[in-house]
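Below is one structure, written out as structure tokens; comments come after it.
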Amino acid sequence: MKVHFNANDFESDVPVVLTVGTFDGVHIGHRAVIDLLKRRAQEIDGESVLLTFHPHPRTVLHPEQHQLKLLNTIEERKSLLRDAGLDHLVIHPFTEEFSRKTPLEYVRDLFAEGIKPQKVIIGYDHRFGRNREGSFDSLVNLGKVFGFSVEELPAQTIEETKVSSTKVREALQIGHVAQARTWLSKPYPLLGRVKRGEQLGRKLGYPTANLTIENPLKLIPASGVYAVFARLETEETWNAAMVNIGTRPTVEGGSGKEQIEVHLLNGGRQCYNELIDLRFMRRMRDEVQFDGLAALKRQLQQDEANVRSYLDTIDPPSSSI
């Protein structure tokens, strides 16, 4: 897959079929769109192109109140779309000035003078241009002017998958990572940098890597204890691990800042300031306040047994995403 960072820099020696969207999560509904896109491209001996925008439009138009949480960083999306078999990804910069383009200016600049598609495939509710003024009908009319056809993806095609990015977010926000994994067709990813902690876990016999998530838009699953596969970004091997997300109520009375703590079940090395890649497989329990550290340690021992037993039945991730 080739990545382009401006629609006006795109070039292809063959006809192209284009779709447009955020594709956050690249879930099974998105993959249905990509499969159709690839089929239409094959029919004309051409290539498939997805146009998306970065940064996310809501962060530009509503910088102080967007409350946006994304399933994927832009780097994760690249990997997922490459894995889905897309030929080209165009990541066009989204700015306030760009948001003011009329539907005509939008189609002229991005399509007619940029990507030059032979066919455009859009979702049944796709809107575009200033104030979302552009509709399917207006795109069809503009296509007649600029020389491309338009195909609308029926609502039924997406509804049959019974999934949307919103549904996946809602599942993760209540800790249903196994359901999210089904919808995404892959375990939910989270990348964090190891920071120095208080080393309480080491005293309990459960040393942890404390993570900082560097992308503020990345959605973090609900508090609780999870079975995950973890991997240092500089290594290839996935390791069975358990993760606690929460405020550590037994230690800090529940008033502390949310933390993400990773315990590698088969041991690990000191890795301060390195990146750890997580893949969430199942939520094992709620975060609970225990009656002292001894009770917490007993629960950690039970958590370890439960996580080991569960992860022994599952293969580690087979790809980088």
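The values are calculated or read from the model by the stated rules, or taken from the named source; none is laboratory data. This is a predicted model, so every value here is computed, not measured. Cβ atoms come from the backbone with ideal geometry, glycine included; neighbour counts cover every protein chain shown. These area figures cover heavy atoms from the full protein model, side chains too; ligands, DNA and RNA do not enter into them. Shrake-Rupley method; radii C 1.70, N 1.55, O 1.52, S 1.80 Å.
List of remarks:
- Members of segment 248-262 found to be within 16 Å of LYS195 (Cα to Cα) and either of a type in the set (D, E, K, R) or open to solvent by 20 Å² or more (accessible area, probe 1.4 Å) (or both), listed by number: LYS257, GLU258, GLN259, GLU261
- Residues in segment 253-293 that are part of a loop (DSSP other than H, G, I, E, B) and either of a type in the set (Asp, Glu) or closer than 21 Å to ASP312 by Cβ (or both): GLU258, LEU265, ASN266, GLY267, GLY268, GLU274, ASP286, GLU287, ASP291.
- So HIS126, is it on the phi < 0 side of the Ramachandran plot and assigned to a loop (DSSP other than H, G, I, E, B): yes
- Among the strands (runs of 3 or more DSSP E) confined to segment 1-59, the ones with at least 3 residues that are surrounded by 16 or more Cβ atoms within 10 Å (Cβ to Cβ) and in contact (Cβ under 8 Å) with a residue 24 or more places away in the chain are located at 16-20, 47-54.
- Residue in segment 263-276 that is nearest to the chain's Cα centre (by Cα), counting only those that are open to solvent by 40 Å² or more (accessible area, probe 1.4 Å) and at pLDDT 90 or above: GLU274
- Here the condition is being open to solvent by 60 Å² or more (accessible area, probe 1.4 Å) and closer than 24 Å to LEU142 by Cβ; of LYS116, LYS101, it holds for LYS116 alone.
- Taking the criterion of being within 23 Å of the chain's Cα centre (by Cα) and at pLDDT 85 or above, the residues of segment 119-166 that qualify are ILE121, ILE122, HIS126, ARG127, PHE128, VAL163, SER164, SER165, THR166.
- Count - residues of segment 124-141 that are open to solvent by less than 30 Å² (accessible area, probe 1.4 Å) and within 19 Å of ARG40 (Cβ to Cβ): 1
- Any hit, segment 277-288, residues being modelled with pLDDT of 95 or more, farther than 16 Å from TYR206 by Cβ and open to solvent by 50 Å² or more (accessible area, probe 1.4 Å): yes
- In the set GLY114, GLY175, GLY201, only one residue is assigned to a helix (DSSP H, G or I) and modelled with pLDDT of 95 or more; that residue is GLY114.
- Among the residues of segment 306-321, those that are assigned to a helix (DSSP H, G or I) and open to solvent by less than 50 Å² (accessible area, probe 1.4 Å) comprise VAL307, TYR310, LEU311.
- The residues of segment 91-100 that are farther than 23 Å from ARG77 by Cβ and part of a loop (DSSP other than H, G, I, E, B) amount to a single one, ARG100.
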